[in-house]
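Visitor: Submitted below is the structure of interest, expressed as structure tokens.
Every number here is computed from the coordinates shown, using simple stated rules; none is lab data. Source: prediction; values computed, not measured. Here the Cβ is made from the backbone with ideal geometry for all residues, glycine too, and neighbour counts use every protein chain on show.
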Amino acid sequence: MAALLSLRAIGKSYGAVVALSAIDLDIDAGDVVGLCGDNGAGKSTLIRIISGALPPSAGEMRLDGRPVAFASPAAALESGVATIYQDLALAPRLAVYQNIFMGAEHLRRFGFLRLLDKRRMRAESAHFLARLNVDLPDVDRPVSDLSGGQRQAVAICRALRWNARLVVMDEPTAALGVRETRQVLDLIRELHAQGVTILIVSHNMDDLVAVTNRVVLLKNGRKIGECRTAAATADDLAHMIASGVVP
Amino acid sequence: MKDWNYRLAEQRGLILAIAVFTAMFAFYIAKHPAGLTANVATTAANKGVLLALVGMAQTIPVVTSGLDLSVGMVFVLANCVASKIMTGSPLATAFGALAVLAVGILCGAINGAVVVYGRLQPIIATLATGTIYYGLALALRPAPGGDINTDFADAVSGSLPGGIPASLVLLVGVVAVVWIPYRRSVLGRAAYAVGSSEQAAYMSGVPIATAKFLAYVLAGLFAAIAGLLLTCITYSGEASAAIGGSYTLNSIAAVVIGGTSLFGGSGGAIGSIFGAFVLRTIGDLLFVFDMDALWQPLFLGAVLLVAVSLGSFRLLRIKNRLELYR
């Protein structure tokens, strides 16, 4: 069976600067994969390529065995690849339900017009939040009122709204407190339990060990190896990144 | 219950503008020697609706966190075009009116194209295009004058049976036919999303370019409707830089008083309508109190400052002060 997402020899260079080279990566359906590496390792570049925000300069990307080239994040979303960015994912002055349905609003016919179906969007937003076991009773609250963990929950609901098969999360626990980090990790487990495939980029080795099945390690724009997290500790991962050697 | 608190909070600026206007207008009518006659109401409505339409025009670019400094000039240009072509038979007048609206839409489309595809700052782009539109108006009508089908003009600027000002009906019609469907459409929501966070909107696949473009097009349309109404009120056209400039600045004031944040992503045109009414009623109040018209700018400025300060009350409520600098 073909992997859900498979990258072959993906590279990205900006003029003479090579940000990524020859990245091979397979993610099976239902897997939870971590992506880690030091600053400048190419993690962000790689997920921007996967999310359609950046075109690769070399290599091939396949989704369900079919070659894909996303022209924009919108195109990636339509193919079922949703990316949740740490800080720029939400519109702070809009309400929770407006954020969840941003760019994919439900409409209803009104004569020859097609208007927003706010009632349905409110109801479905509450339903998505309930699916993730998030206690956020009021979908009319502006996102700027929410805590970091709640914002991540809203962002993840957007992935549910898109029926995303692959959810890419960029530093989902960065800048969160201990309790909120635990909440977000619970959200990730909940998402996984519902059959969604997840790719997590993180600096935090403990978090990766806690929720992923395996971790892909990058260094200086190259993949240095993969590691099953069942057998590894956070210290092992940190050591591999520092030394650049994966046993 | 909780739901309604947040929905109300979103409308706070609008509710405040309505309250202030109602209080001021009631005071004005109570003080007016003639009371609320059809004539008084129509005069007040005509002045108010002119600025309300230009304020609505300004609102939509502001919601996308842009600004349209050309609305006043589109208004003047539409006035000059209308005073040239809206004469003769009813049919010719009707086509003339459509042509005036088309001119407004075209001006708006140029603004939108320059801002969206030329990627220029809205302030400077519309300052430049506005000057061009003013130049066109001046070329069209070097000296004040012109004419308009009197029946049409009287119908639009007069009052309906029962003393209801026709211009007010026009305003309600524009709100019902253009603003409300727009507000509840995907592109309307997109305008708010772009104004709140353009990056988030892009990442979510919101049609950013179309939303911004449409915002300026609608601004042009609303400004042209206002220009049409001005022609119906004055029966003539005048390429006046002073009128264009003051309407542009007052439109921004109306937007702010109506509770729309200049940072974008919130508020709406209904607020701006009442913001415009508040601004106009200040002048009327000074009149019934026999105060010199020279005081008007001072009072307008004071009201504007108060309105902006009310908007800044969030400073006192905010949990994390760093959020202010986002």
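Visitor: Can you compute 3J(HN,Hα) from phi for each residue in region B:122-139, using the Karplus curve 6.51 cos²θ - 1.76 cosθ + 1.60 with θ = phi - 60°, rounded to whole Hz and x for Gly and Pro?
Guide: x, 4, 6, 4, 6, 4, 5, 5, x, 5, 5, 4, 5, x, 4, 4, 5, 5
Visitor: Another one. For region B:1-40 and region A:63-109, what is the centre-to-centre distance using only Cα atoms, to the nearest Å?
Guide: 40
Visitor: While we're looking at this one, here's another question. Just tell me how shielded B:200-212 is by partners: mean number of partner chain Cβ atoms within 10 Å of each residue's Cβ, no decimals. Mind dumping the intermediate values first?
Guide: Details: counts 14, 5, 6, 18, 16, 13, 7, 2, 1, 0, 0, 0, 0.
Across B:200-212, the average partner-chain Cβ count within 10 Å equals 6.
Visitor: On average, how many beta carbons from a partner chain sit within 10 Å of the beta carbon of a residue in A:98-104?
Guide: Average per residue, whole number: 6.
Visitor: Which FRET efficiency value, to the nearest 0.05, do you get for residue A:66 and residue A:109 by plugging their Cβ-Cβ distance into 1/(1 + (r/R0)^6) with R0 = 45 Å? Let's see the in-between values first.
Guide: Working: r = 34 Å, r/R0 = 0.75.
According to the calculation, E is roughly 0.85.
Visitor: Whole-Å semi-axes of region A:23-150's equivalent ellipsoid, largest first, each the root of 5 times a Cα gyration tensor eigenvalue?
Guide: Numbers: eigenvalues 195, 79, 40 Å².
Ellipsoid half-lengths, sorted descending, are 31, 20, 14 Å.
Visitor: Ok, one more. Compute the Rg/Rh shape ratio of region B:1-127: radius of gyration over Kirkwood radius, all on alpha-carbon atoms. Could you put the intermediate results ahead of the total?
Guide: Working: Rg = 19.5 Å, Rh = 18.0 Å.
Using Cα coordinates only, the ratio equals 1.09.
Visitor: Let me ask you something else. As a check on your grasp of the helix formula, calculate [θ] at 222 nm for chain B: sum -39500 (n - 2.57) over DSSP H runs of n ≥ 4, divide by the residue count, round to the nearest 500.
Guide: Theoretical 222 nm ellipticity from helices: -24000 deg cm²/dmol.
Visitor: Just add up the charged neighbours of residue B:227: K/R +1, D/E -1, any other residue whose Cβ is under 13 Å from the Cβ of residue B:227. Before the final figure, lay out the partial values.
Guide: Working: positive: B:84, B:141; negative: B:238.
Net charge in that neighbourhood comes out at +1.
Visitor: Turning to a different aspect of this structure: Quick one: which of B:108-115, B:72-79 comes out on top by average Cβ neighbours within 10 Å, and what's the full order, highest first?
Guide: On the way: B:108-115: 23.1, B:72-79: 32.2.
Those peptides, ordered most packed to least, come out B:72-79, B:108-115.
Visitor: Given a Förster radius of 30 Å and the C-beta distance between residue B:178 and residue B:131 as r, what FRET efficiency does 1/(1 + (r/R0)^6) yield to the nearest 0.05? Intermediate results must be reported in sequence, preceding the final value.
Guide: Values: r = 27 Å, r/R0 = 0.90.
Calculated transfer efficiency: 0.65.
Visitor: To continue, here is another question. Residue by residue through region A:76-84, which ³J(HN,Hα) values in whole Hz follow from phi under the Karplus form 6.51 cos²θ - 1.76 cosθ + 1.60 (θ = phi - 60°), with glycine and proline marked x?
Guide: In residue order, the calculated couplings are 5, 4, 5, 7, x, 10, 10, 10, 10 Hz.
Visitor: Pull up all non-local amide H partners of residue A:169: gap of 5 or more, or a different chain, and H-to-H distance under 5 Å with H placed in the peptide plane.
Guide: Here A:84, A:199, A:200, A:201 satisfy the definition.
Visitor: Using the structure shown, list the pairs from B:84/B:212; A:12/B:212; A:118/B:47; A:12/A:223 with a Cα-Cα distance above 24 Å, or answer none.
Guide: On the way: B:84/B:212 31 Å; A:12/B:212 31 Å; A:118/B:47 36 Å; A:12/A:223 13 Å.
Among B:84/B:212; A:12/B:212; A:118/B:47; A:12/A:223, the Cα-Cα distance tops 24 Å for B:84/B:212; A:12/B:212; A:118/B:47.
Visitor: Based on alpha-carbon atoms only, what is the radius of gyration of chain A relative to the globular estimate 2.2 N^0.38 Å? Mind dumping the intermediate values first?
Guide: On the way: Rg = 18.4 Å, N = 247, 2.2 N^0.38 = 17.9 Å.
Taking the Cα Rg and dividing by 2.2 N^0.38 Å, one obtains 1.03.
Visitor: I would also like to ask the following. Equivalent-ellipsoid semi-axes (√(5λ), Cα gyration tensor) for region A:115-168, whole Å, largest first? Walk me through the numbers on the way to the answer.
Guide: Working: eigenvalues 54, 51, 21 Å².
That gives 16, 16, 10 Å for the three semi-axes.
Visitor: Per DSSP H run of n ≥ 4, the term is -39500 (n - 2.57); total these for chain A, divide by its residue number, and report the mean residue ellipticity at 222 nm rounded to 500 deg cm²/dmol. It would help to have the intermediate numbers written out before the result.
Guide: Numbers: 8 runs with 81 residues, N = 247.
Dividing the helical sum by the residues of chain A leaves -9500 deg cm²/dmol.
Visitor: Please report the spacing between the Cα centers of region B:133-159 and region B:226-259 in Å, no decimals.
Guide: The two parts, judged by their Cα centres, are 13 Å apart.
Visitor: Starting from the eigenvalues of the Cα gyration tensor, five times each then square-rooted, give me the equivalent ellipsoid semi-axes of region B:11-316, largest first, whole Å. Write down the numbers at each step before the final one.
Guide: Numbers: eigenvalues 163, 130, 59 Å².
For region B:11-316, the semi-axes come out at 29, 26, 17 Å.
Visitor: In what sequence, highest mean first, do A:150-159, A:35-44, A:7-16, B:82-91 appear when ranked by Cβ atoms within 10 angstrom?
Guide: Going from most to least packed, we get A:150-159, A:35-44, B:82-91, A:7-16.
Visitor: Also, quick follow-up: In what sequence do A:102, B:291, A:240, B:56 fall when counting other Cβ within 10 Å, fewest first?
Guide: Working: A:102 26, B:291 12, A:240 22, B:56 33.
By the 10 Å Cβ count, ascending: B:291, A:240, A:102, B:56.
Visitor: Now, a different point. Just the ratio, please: alpha-carbon radius of gyration of the protein assembly as shown over 2.2 N^0.38 Å, N its number of residues.
Guide: Working: Rg = 28.3 Å, N = 573, 2.2 N^0.38 = 24.6 Å.
After normalising by residue count via 2.2 N^0.38 Å, the value is 1.15.
Visitor: Something else now. Could you go through region B:251-257 in sequence order and give the Karplus-derived ³J(HN,Hα) for each residue, using 6.51 cos²θ - 1.76 cosθ + 1.60 with θ = phi - 60°, rounded to whole Hz, and x for Gly and Pro?
Guide: Residue by residue, region B:251-257 yields 5, 5, 4, 4, 4, 5, 4 Hz.
Visitor: Distance between the C-alpha centers of region B:205-219 and region B:41-58? Whole Å please.
Guide: Centre-to-centre (Cα) distance: 25 Å.
Visitor: Inside 10 Å of the C-beta atoms of A:69-77, what's the mean count of C-beta atoms belonging to other chains? List each step's numbers first, then the result.
Guide: Working: counts 0, 0, 0, 3, 5, 6, 1, 2, 3.
Mean number of neighbouring Cβ atoms from other chains: 2.
Visitor: Tally Lys and Arg at +1 and Asp and Glu at -1 over the other residues with C-beta under 15 Å from the C-beta of residue B:44: what net charge comes out? Numbers along the way, then the final one.
Guide: Values: positive: B:31, B:47, B:280; negative: B:284.
After counting each charged neighbour, the total is +2.
Visitor: Excluding residue A:229 itself, calculate the net charge of residues whose Cβ lies under 13 Å from the Cβ of residue A:229, where each Lys or Arg counts +1 and each Asp or Glu counts -1.
Guide: Numbers: positive: A:214, A:228; negative: A:31, A:206, A:207, A:226, A:235, A:236.
Result for the neighbourhood of residue A:229: -4.
Visitor: Quickly rank A:76-82, B:154-160, A:108-114 as a protection proxy: mean count of other C-beta atoms within 10 Å, highest first.
Guide: Numbers: A:76-82: 22.4, B:154-160: 16.9, A:108-114: 10.6.
So the peptides A:76-82, B:154-160, A:108-114, ranked by packing, come out A:76-82, B:154-160, A:108-114.
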